Every structure is written in structure tokens, then in C-alpha cells.
Amino acid sequence: MADAPSLDAIRAARVRLGDLVETTPVRRLVSPQVQRRLGRTEVFLKEELFQRTGSFKPRGALCVMLDLSPAELARGVTAVSAGNHAMATAYAARVLGTTAKVVMPKKASPFRVAASRELGAEVVLVDSVHELFPRVKQIEASEGRTFVHPFEGPKTALGTATVGLELVEQAGPLDAVIIPVGGGGLAAGMACAVKQLLPGCQVFGVEPTGADTMHRSFAEGSPQAIDAVRTIADSLGAPHAAPYSFELCRRFLDELVYVNDDELRDAMLLLFTEAKLAVEPAGAASTAALLGPLRERLAGKRVGLIACGANIDPATFSKHLADAVAATPA
């Protein structure tokens, strides 16, 4: 069984990260529309979209890279990503005085590709998500760069666990926490921290129906893969699960639920109108789960959500909101 980060280790990691990452705010989401749709449920939103580079990803990347030797830093790092992890790795490389070469799919958001380059990364584009890992292996072998995994490993989980630590410290006792799941790195760390701090708290993972890697992995009892990503929440579109994050998710998540693209757009619209937040689809996933499949089960509870990222271009964001408005009953 994989060793999970202890609370002492998580607290020490947060101290070590220092001001390289923000302690992002937690806000109670209160409005007439929220009350109409969720009744007496108390919603506490961890606004991790205000993190450096616009997502939670720097926490894990920095926890990995802070342990690199001077020689390893001199050779640089490499990563695979649809965008958020590429940006985080580029940021971490810049603040630690090294270089990053990131591999991204050609279908990645041009906004995120440009942002990764702006942060100093060299970007290599490949035809599909299934070419990402083979290409990064070539870079490791030929250039001696250290691979910074987007979601797998104890150090990555240690970084993402600091999100759960902050959420509980800021919000106080919670009955439930809902966490988006892509490769499982955020859910593994956050759930690990929340369950140790609040053993009685229910922790749910949420996946889009078009990228259900963790659902398949739970069903089979081992990490599984998907053939393609079929959701607007592309940053939740990990091509496969991996052993360590899978084991932590299986140990600390009580249940997985699905949301579809229409539910994601609806949650994006609510967060924009009621919280004044412009989030990417993945950033609305936990809100979508509370508005949809978990609404009745968590009615009247104190629920922690996370807006995990906001890296989306204005045109795509506007189209998703327009589609959500068009689908809203008059």
C-alpha cells in the first residue's frame, strides 16, 4: 500500500512553499440564486484560480522541483500537459533559476500554449495525447532533463495536499468536499489532507463523462486508460491513471460522480454571475457536481468546493456562457 503524506509533512510542505504560492481565499458563496438552487446548503469555495499561473498546479510542480540537486536544476526539467501543468512547470523553472521544455498536444488551447511560452518554457507540440509521454521520455534521455509528472507521485500529492489543508483551516468543519479528478493528483492530495483533518467528512471526486479514467480504474481495481478525451473540460482529460495517485484516490475518496458538459457550462455561468469568477470548465466541475448529482444528498450540509483553474481564452469562455444561457429555461 502506498504511503500517504502525513499531516506533519503536509504542513511542512506548505511552509517550504512559502510565498512561491498563494494562500488562496475561501469564500462562502451566498446569493438568491444559490439559495434557490441549493436551499440551506452552505457552500465554501476555495478560489484556487487565483493561484500563480491561474491553477493549483504550481504546488505540486514546486514540491518536486525544490528537491532537485544543483546539477539537476542545471540540466532543466520537462513535462507533459494540456496547459495548466505546462504553465506551472514553466513558472517553477523560472523562480528556481532553471529551464523547462514542455510537451503539449497540438489541440491544446492556443491561449495556454502562448502563456507557457510567455512564462519561459520551450513548447514541443505533438499530434495526440498518446504521444505526450513517449516524447517526454525522449527528451529525458537525450537532454538529461528531469521529468515533472503532471499528477503522479508522493511529492506531487504532497503539494496538492496543501490545498486541502488550507481549505479546512479556512472554512472550518465541513460535512463534504468535492474535488475534480483528471489524472487524480489534485484529488489524491486534497482528499488525503481532508480525511486526516476531518475523518467524518465525505470526500467526492467528480469526473466529466467524456474523460472517466478514474471511474474505469475504480471499476477494474487498477489504473486504466481512455482512448480519447471527449469533454470541454480538457484539463481533466488525463489519458491514463497512475498507481500512486490511483491508490490515494481509492483510499481517501468516498465516491466518484459524473458531470456532463451541459452541467459544466451551467456551473460556469453560476460562478460567473453569482461569484463573479471566470473559470475554465474544469474549474466548475465541483460546483457542477453539487448543483447536479450531489444536490439532494448534500442538502443542508456544509460543503467545500474548489475552483481549481481559470486558464481559458475569452472567446471560448464567452461561447460556453452563451450556450449555458441558451439552455437555461425562461
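Key figures for this structure:
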| item | result |
| --- | --- |
| Amide proton proximity set for ARG302, modelled H, under 5 Å, gap of 5+ | GLU42, ASP175, ALA176 |
| Rh (Kirkwood; distinct C-alpha pairs) - the stretch 252-329, Å | 12.9 Å |
| Rounded to 5, the percent of DSSP beta bridges in the chain classed as antiparallel | 15 percent |
| Over the stretch 49-112 - Rg/Rh using Cα atoms and the Kirkwood inverse-distance radius | 0.97 |
| Label-point separation in nm, ARG295 to GLN138, each point 7 Å along Cα→Cβ | 4.9 nm |
| Debye log10 I(q)/I(0) for the stretch 104-199, one point scatterer per Cα, at q = 0.18, 0.19, 0.24 Å⁻¹ | -0.93, -0.97, -1.19 |
| Residues ASP313 and ARG94, FRET efficiency given R0 of 22 Å [Cβ-Cβ distance, rounded to 0.05] | 0.50 |
| Value of [θ]222 nm, deg cm²/dmol, for the chain, DSSP H segments ≥ 4, -39500 (n - 2.57) each, nearest 500 | -13500 deg cm²/dmol |
| Straight-distance crosslink candidates among lysines, where the alpha carbon sits under 29 Å from LYS319 and sequence neighbours closer than 8 are dropped | LYS46, LYS57, LYS106, LYS107, LYS276 |
| Unit Cα scatterers, Debye sum, the chain: log10 I(q)/I(0) for q = 0.11 Å⁻¹ | -0.63 |
| Order of CYS192, CYS201 under a 10 Å beta carbon neighbour criterion, fewest first | CYS201, CYS192 |
| Full-stretch length increase - GLU22, GLU169 - with 0.36 nm per residue and alpha-carbon distance subtracted | 51.5 nm |
| Relative exposure of SER31, SER116, SER217, judged by other C-beta atoms within 10 Å (fewest first) | SER31, SER217, SER116 |
| In nm, spacing of pseudo-spin labels at GLU118 and VAL325 (7 Å Cα→C-beta vector) | 2.5 nm |
| Set of aspartates and glutamates near LYS155 by C-alpha distance (under 13 Å), chain-local residues within fewer than 8 positions excluded | ASP3, ASP67 |
| Net length gained if the chain between ASP254 and ALA74 were fully extended (0.36 nm per residue, minus Cα distance) | 60.6 nm |
| Table column - 3J(HN,Hα) (Hz), the stretch 10-19, Karplus curve with 6.51, -1.76, 1.60, x for Gly and Pro | 5, 5, 5, 5, 5, 5, 5, 5, x, 8 |
| Distance between modelled label sites at ASP262 and THR209, nm, 7 Å Cα→Cβ extension | 0.8 nm |
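Each reported figure results from applying straightforward, stated rules to the coordinates on display, with no laboratory input. Everything quoted here is computed from the prediction, not taken from an experiment. Note that we place each Cβ from the backbone using ideal geometry, even for glycine, and neighbour counts take in every protein chain shown.
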